[in-house]
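Every read-out reported here was derived from the displayed coordinates using simple, explicitly stated rules and does not represent laboratory data. Model, not experiment: these values are computed from the prediction. Every residue, glycine among them, receives a Cβ derived from its backbone with ideal geometry; neighbour counts consider all protein chains shown.
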Amino acid sequence: MSTQNKTLGEFIINNQQEFKYSSGELSRLINSIRLAGKVVNHEVNKAGLVDILGNAGDTNIQGEDQQKLDVYANDVFIKTLTNREIVCGIASEEEDDFIAIKGGNEKNDNKYVVLIDPLDGSSNIDVNVSVGTIFSIYRRITPSGTPVTLEDFLQPGNQQVAAGYIVYGTSTMIVYSTGHGVNGFTLNPAIGTYYLSHPNMRFPEKGNIYSVNEGNYVHFPQGVKNYIKYCQTEEEDRPYTSRYIGSLVSDFHRNMIKGGIYIYPSTSKDPSGKLRLLYECNPMAFIAEQSGGKASDGFQRILDIKPTELHQRVPFICGSKLMVEKAEEFMKKE
Ligand code: AHG
Ligand code: MN
Ligand code: MN
């Protein structure tokens, strides 16, 4: 079958044997995420109508309370995964604690936990700019049949079984990896089907885009300041071009296709940076590495960090391999 005609559903079935523990459970889980993504996509596309239909906090025409889109997306993902009894636990940016899920039987024998950022880049919603969803999947480490514990969620990123993101852009795409490379699927909104549009995605080794919120420049560590200067210096293939959307998913997606580096460093105000290790940095780092890119906190591999908290933050440098290595060089010098 040609790539163009292959749907995500077919791809999942054809590649099921690649999964580490091939019981079909992971396939069903990815299917559920694909479904929830379609529901959120529908709502995101209507976001521009919010001023006509009512703002968040208002009551809509059916008498239902209007929800903020990030709360809505959170509900959709949690309900979809809970109702289908497909995971034993969920952690989300929007929930203080993880949620333990009981299985269909007396005992919960589902193997996987999911960590999600249901709506990433949410400040972009009001201005009609791309947002995303990020997800990360692990096998639980506590015995099956018992309630999940925090330990199941605090695994280093190198233990991820699968990870990915959905970008609600000019087209909606789902990009994910089960540890065998990265594939991207584009939604045909007319029929609600995702097609394999970007098989075997590869991060260019080097690019000419740097993405960082330079408004925080004065608060950056000296190593980051020096690297930014390097990006701006006229020499060889530089100066690089600066692109920053303010939605990690969208900035990452562009950089993976064109070649580039994304930086959210520690700052003097926030020594651990802003981004969350478990449901932002780890899944993106997994996708980066699976496509030949690299992700670091400036000094060590993101995927090797042993998490201590659910909502832990970490400085994040991610993108084309040679560019990340160059940024690390600058960090180490300081
Ligand atoms: P979220 O909308 O899930 O809170 O994430 C926003 C994140 C990330 O997507 C983005 O790259 C970053 O915050 C932007 O932060 P600044 O506005 O500080 O640059
Ligand atoms: Mn986010
Ligand atoms: Mn979010």
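Annotations
- Chain lengthening between K206 and K68 when straightened (0.36 nm per residue, less Cα-Cα): 45.9 nm
- Sequence-distant residues sharing a close amide H with H180 (under 5 Å, placed H): none
- Fluctuation leader among C88, C231, C281 - the chain, Gaussian network, Cα springs under 10 angstrom: C231
- Think of the chain as having a plus end and a minus end, set by charges on the Cβ of Lys, Arg, Asp and Glu; of H180, L8, I287, H180 sits farthest toward the positive end of this dipole.
- Summing charges over neighbours of S32, with a neighbour being any other residue whose Cβ is under 13 Å away from its Cβ, gives +3 when K and R count +1 and D and E count -1.
- Pairs exceeding 20 Å between alpha-carbon atoms, taken from K258/K333; K79/K102; K258/K326: K258/K333.
- Normalised contact order of the chain, rounded percent, pairs of Cα under 8 Å and 6 or more residues apart: 16 percent
- Positive-pole candidate from G89, S296, L49, dipole of the chain, charges at beta carbon: S296
- Pairs of Cα atoms nearer than 8 Å and 6+ residues apart set the relative contact order; for the stretch 105-226 it is 16 percent.
- q = 0.09, 0.13 Å⁻¹: log10 I(q)/I(0) that the Debye formula gives for the chain, counting C-alpha atoms only: -0.47, -0.98
- For the stretch 209-333, the Kirkwood estimate of hydrodynamic radius, built from reciprocal distances between every pair of different alpha carbons, is 14.3 Å.
- Rounded to 5, percent antiparallel among DSSP beta bridges of the chain: 85 percent
- When peptides 220-227, 290-297, 187-194 are sorted by average Cβ neighbour count within 10 Å, with the highest value leading, the order is 290-297, 220-227, 187-194.
- Simple Cβ-charge dipole of the chain, Lys/Arg +1 and Asp/Glu -1, about Cα centre, in debye nearest 20: 860 debye
- Label point 7 Å beyond Cα of A100 along Cβ direction - residues of the stretch 70-90 with amide nitrogen under 20 Å: 78-79, 81-90
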